[in-house]
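Below is one structure, written out as structure tokens; comments come after it.
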Amino acid sequence: MNSKKKIQIVLLIFGLFLIIFSIYYYYSQQTVKVTKKIEQITEEEINQDNIFENITYTGIDSRGNPYEIKAKFAETNTNDPDVNYLKYVIAKLVYKDGQIILITSDYAIYNKSSQDMFFNQNVVVENDINRVFCENLDFHNSDNLIVAYNNLTAYNGENVMFADKISIDLLTQTSKVSVTDKKKVKVKIVN
């Protein structure tokens, strides 16, 4: 191979490197601009009239059990005032038999008319010694159904279970555990 071809190959590689570097630099700058814009929008939204701080919702579910939802911030949907977007949420469900379930999450959507609650990001459910960790938990009060999914881990003090989704029928007190990609449910039982 002669020296002209070597120089052309080196220049071609250098040119490709410059193009890739330019594209990477351009998109990283765009990400910073978008992040700053989101932060500005978030700060502007906090000043709106439909944002409330340190709010508590209470009610009775379809089975006659009291509940309480506390949030650091709540925003009412302007198109549907029954829908509230919550941030930094703690929900307490008290059952007639004295059982208490605590649910915490970074965000939630609460529908005041149906009493349905949709928790997301860093969801933790605590009941006595039982713990469930997941990214999403939907409490369908109108259907008497709880569905926990995405990065689901359940722990009862001794045993650990990893699955994609667990559905709990509140009327029949039955649970259905499932996985989406045909893997087996992983359970570690300690005797």
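Every read-out reported here was derived from the displayed coordinates using simple, explicitly stated rules and does not represent laboratory data. What you see is a predicted model; the values in this text were computed from it and never measured. Neighbour counts run over all protein chains shown; Cβ positions are idealised from the backbone, glycine included.
Taking each residue as 0.36 nm, the span from SER178 to LYS72 lengthens on full extension beyond its C-alpha to C-alpha distance by 34.8 nm.
Judged by the mean number of other Cβ atoms found within 10 Å, the most tightly packed of the peptides 166-172, 101-107 leads the ranking 101-107, 166-172. Less than 5 angstrom separates the built amide H of ASP61 from those of TYR67, all sequence-distant by 5 or more or on a different chain. From the Cα gyration tensor of the range 63-109, with a ≥ b ≥ c the square roots of its eigenvalues, which class applies: rounded if a/c is under 1.5, or else prolate if a/b is larger than b/c, or else oblate? Note, shape of the range 63-109 comes out oblate. Of TYR110, TYR57, the sequence from fewest to most neighbouring Cβ atoms within 10 angstrom is TYR57, TYR110. Mind giving me the FRET efficiency for SER114 and VAL94? R0 is 25 Å, r the Cβ-Cβ distance, nearest 0.05 is fine. With R0 = 25 Å, the Cβ-Cβ based efficiency is 0.80.
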